[in-house]
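Below is one structure; the comments refer to it alone.
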C-alpha cells in the first residue's frame with residue numbers, strides 16, 4: 001500500500017536547502033546553470049543521502065511527478081510550478097530519493113533544480129547502473145491514458161491518467177535494475193502522424209536526436225544502452241491516405257515508411273554499434289505489420305546479427321481507447337521473458 005505524504009506537510013523552508021546531492025539522471029535533459037529541463041516521457045532523477053530530511057526544488061508548471069523514497073511512492077506532485085517541497089521524518093540512516101515524470105507534455109517542458117540536504121556530510125554518491133535500456137515509440141510506449149477506467153476521455157483526463165512509469169518500458173527496466181530512456185510521443189509516426197496530421201518538425205526521425213523537442217542542437221549526453229526496443233508505425237497507417245497528402249497511394253506510403261524506418265534503424269546501429277536492437281510490431285495490422293517486418297528483414301539481410309523481432313501481445317484496452325496498465329504489464333512480461341532467455345544481451349553487465 002502506498003503511503004502518501006500530504007503536500008502541505010512538505011512545503012519547504014529554503015534555509016534547509018544547503019547541499020545539492022549528486023544525481024543519476026534517467027532520460028534526456030538539458031542542463032543549465034541551476035537545473036535540468038526535460039520534455040520526453042519517464043525522465044527521472046535519483047540521489048542517495050543519510051538523515052531524515054531532503055528538499056526537492058521544482059520549476060515545473062506542466063507535469064505530474066512521483067516522489068519516491070526507498071522504492072515507495074510517498075507523494076504525487078501535480079504541476080508544482082516554482083516551489084520547494086521538503087520531506088521530513090524519513091528516519092535515520094541511508095535513503096534513496098527519486099523524482100519520476102508521470103505525464104506526457106508534447107508542447108511544454110519541465111525543470112528540476114535538484115535534491116538538497118541540510119548538511120554536506122549527509123550527501124552520498126548517486127546510484128549507478130551498469131545496465132542501460134532504451135525505448136522508442138508512440139502512445140503505446142508513452143502509456144497514454146493507461147490508468148483511466150474508461151474509454152471516453154477529455155484531453156485533461158488523458159493528461160491526468162497517463163503514467164509512463166507504469167508503462168511497459170519502466171517496468172522492464174526496473175525488473176532488470178537498468179537505467180532507462182523513453183523516447184516516445186503520442187500520435188507520432190515514422191513518416192506520417194496520426195490521421196495524416198502534418199507538422200514541420202514533429203515526426204520521430206526529426207525529434208529523436210534532441211533532448212528538448214524544439215532544440216536544434218543534438219543531444220550529446222553519454223548513453224550506451226545494451227538494448228534498444230523500437231516500436232513505432234501504428235500512426236503512419238492509422239487512416240487511409242487522403243487527397244493532398246505527400247503519398248498518392250497506400251503503397252507509396254508503405255514504401256516511404258519502409259525506406260525511412262530502415263534508415264532510422266541503421267542510424268541507431270551506427271550510433272550504438274554494440275547494442276542489441278529489437279524491432280517490435282503488433283500482429284495482423286496490414287501495412288503496419290508487413291512494413292515493419294520488411295524493415296527488420298532488410299536490416300538482417302544487410303549483415304546485422306545483433307537485431308531481433310518481437311510481436312506485441314494483443315491488448316484489451318479500455319483506457320482512453322488505449323492499452324491499460326494490465327496490458328502494459330503483459331507487454332513488459334513478453335519482453336522480460338525475451339531478454340531473460342538471452343542474458344548475453346546485457347554484455348556481461
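Each value in this text was obtained by applying a stated rule to the coordinates, not by laboratory testing. Just so it is clear, the structure is predicted and the values come from calculations on it, not from any experiment. All Cβ positions, glycine included, derive from the backbone under ideal geometry; neighbour counts span all protein chains shown.
Measuring how big the range 239-349 is from its alpha-carbon positions, Rg and Dmax come out at 16.4, 52 Å. Would you work out if the range 159-257 is rounded, prolate or oblate? Take a ≥ b ≥ c from the square roots of the eigenvalues of the alpha-carbon gyration tensor; rounded if a/c is under 1.5, else prolate when a/b is larger than b/c, oblate otherwise. Prolate, since a/c reaches 1.5 and a/b exceeds b/c.
For 24, 89, what ranking results if the residue with the fewest other Cβ atoms within 10 Å of its Cβ goes first? Display every interim value, and only then the final one.
Values: 24 17, 89 8.
Least to most surrounded, the residues fall as 89, 24.
Counting neighbouring beta carbons within 10 Å and listing from fewest to most, the residues 333, 177, 57 come out as 177, 333, 57. With respect to the chain, whose longest principal axis is taken over its alpha-carbon atoms, helix 325-340 is tilted by about 80°. With a/c under 1.5 counting as rounded, go ahead and sort the range 292-349 into rounded, prolate or oblate using the C-alpha gyration tensor (a ≥ b ≥ c being the square roots of the eigenvalues; past the cut-off, prolate if a/b is larger than b/c, else oblate). Verdict is oblate for the range 292-349.
As a footprinting exposure proxy, order 197, 276, 115 by other Cβ within 10 Å, with the fewest listed first. Don't skip to the end; give the middle numbers.
On the way: 197 14, 276 21, 115 26.
The most exposed by this proxy come first: 197, 276, 115.
Size of the range 23-92 from its Cα atoms: along the principal axes, largest to smallest, the extents are 34, 23, 22 Å.
Only alpha carbons enter this Debye calculation for the range 7-124, each as an equal point scatterer, and the log10 of I(q)/I(0) it gives at q = 0.15, 0.19 Å⁻¹ is -0.59, -0.97. The mean sequence separation of alpha-carbon pairs under 8 Å and at least six residues apart, normalised by the residue count of the chain, gives a relative contact order of 17 percent. Stokes-Einstein diffusion for the chain, with the hydrodynamic radius set to the Kirkwood value over Cα pairs and evaluated at 25 °C in a medium of 0.890 mPa s, equals 117 µm²/s. Summarising the overall dimensions of the range 174-326 from its C-alpha atoms, the Rg and Dmax are 15.9, 48 angstrom.
With coordinates expressed along the principal axes, the C-alpha atoms belonging to the range 84-209 extend over 56, 32, 28 Å, beginning with the largest. Bridges between two residues of the range 132-346, per DSSP, are antiparallel at a rate of about 5%.
Please compute the Kirkwood hydrodynamic radius over the range 132-190, one decimal place, Å, based on all pairs of different Cα atoms. One over the average 1/r among Cα pairs gives 11.9 Å for the range 132-190.
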